[in-house]
Amino acid sequence: MTSFDDLLSRVPIAQIAEQLGVDEATAKTAVDAAVPVLLGGFQAQAGNPEVGLNLENEVANQPLGLLDDGVDMSQVDVSNGSQIVDQTFGAEKNTVINALGNVGGSNISQDLMGKLLPMLAPIVLAYLGKKMLGGGDGAAAQPSAAGAGGLGDILGGLLGGATSGQGGAGGLGDILGKAMGQNAGGVLGSVLGGLLGKN
């Protein structure tokens, strides 16, 4: 199992489906599309010295126990997740949500994706924190020791797993296209490519 698949396996689909008021198949389709987009946004941040430390601090602030024995959505700080999404995508947030809203047909709306991303962001960051600690269960991540390069390497590995070993923005564009259909994938590939290009 790749790290990317391991990350997806940690996401509590049934709980998310219940909170969003959709069936589990719809929730899984939405999660499978949203997670690579979040990873791409985080990768863009990790490579930017102006905001990379902010991302590392967010990773360090997530409770690592969140992933132990299965994620309990009642323990996920969605308010913090919303701030993370705003910080990650900035002015492009609505473009990202609109494009994600085109995945999987009419069952997945922009409103659903707007609610989903803040649920997923803390889970993904908690997973990154565990990876920074070598998968251990330490009390907190130490971003100053790991450095932006370490976090960037972890994100690159996750996205590489998502794209069958094709790293970088091109590989990310490939998985976005496959996950969402060429139109939505192209839009998100352009947005994330632009974010990565600012580094």
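The values are calculated or read from the model by the stated rules, or taken from the named source; none is laboratory data. Because the structure is a prediction, the values reported are computed rather than measured. Quick reminder, even Gly has a Cβ in these numbers, built from the backbone with ideal geometry, and neighbours come from all protein chains shown. Areas reflect the complete protein model, heavy atoms only, side chains present, ligands, DNA and RNA absent. Shrake-Rupley method; radii C 1.70, N 1.55, O 1.52, S 1.80 Å.
Every residue, every condition in (1) polar (S, T, N, Q); (2) in contact with a Ser or Thr (Cβ under 9 Å, 6 or more places away or on another chain), yes or no:
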| position | (1), (2) |
| --- | --- |
| Arg10 | no, no |
| Gln15 | yes, yes |
| Glu56 | no, yes |
| Asp69 | no, no |
| Gln83 | yes, no |
| Ala99 | no, no |
| Gln110 | yes, no |
| Leu116 | no, no |
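Which number in (1) over 21 Å from Ala14 (Cα atoms); (2) modelled with pLDDT of 85 or more marks the one condition that Leu67 misses?
(1)
Taking segment 62-111 only, how many residues are in a helix (DSSP H, G or I), in contact (Cβ under 8 Å) with a residue 24 or more places away in the chain and closer than 13 Å to Ala126 by Cβ?
Selection size over segment 62-111: 8.
Only one residue in Gly81, Gly90, Gly70 is open to solvent by less than 60 Å² (accessible area, probe 1.4 Å), out of contact with any Leu (no Cβ under 9 Å at 6 or more places or on another chain) and of a type outside the set (Val, Ile, Thr), so which one is that? Before you say what the answer is, go through the steps one by one.
On the way: Gly81 fails: out of contact with any Leu (no Cβ under 9 Å at 6 or more places or on another chain); Gly90 fails: out of contact with any Leu (no Cβ under 9 Å at 6 or more places or on another chain).
Unique residue meeting the criteria: Gly70.
Are there any pairs with C-beta distances below 7 angstrom linking a residue in segment 1-29 that is more than 20 Å from Leu159 (Cα to Cα) and open to solvent by less than 40 Å² (accessible area, probe 1.4 Å) to a residue that is charged (D, E, K, R) and assigned to a helix (DSSP H, G or I), with the two at least 6 apart or on different chains, and if so which?
Pairs found: Ile13/Glu24; Ile13/Lys28; Ala17/Glu24; Leu20/Lys115.
Might you let me know whether segment 14-27 holds any residue that is modelled with pLDDT under 95 and touching a Phe, Trp or Tyr at 6+ places or on another chain (Cβ under 9 Å)?
no
Which residue is nearest to Asn98 (Cα to Cα), if the candidates are limited to segment 119-136 and must be open to solvent by 10 Å² or more (accessible area, probe 1.4 Å) and part of a helix (DSSP H, G or I)? I'd like the intermediate steps shown before the answer.
First, the residues of segment 119-136 that are open to solvent by 10 Å² or more (accessible area, probe 1.4 Å): 119, 130-136.
Narrowing the set further to residues that are part of a helix (DSSP H, G or I) leaves 119, 130-132.
Values: Met119: 17, Lys130: 31, Lys131: 31, Met132: 32 Å.
Taking the candidates together, the pick is Met119.
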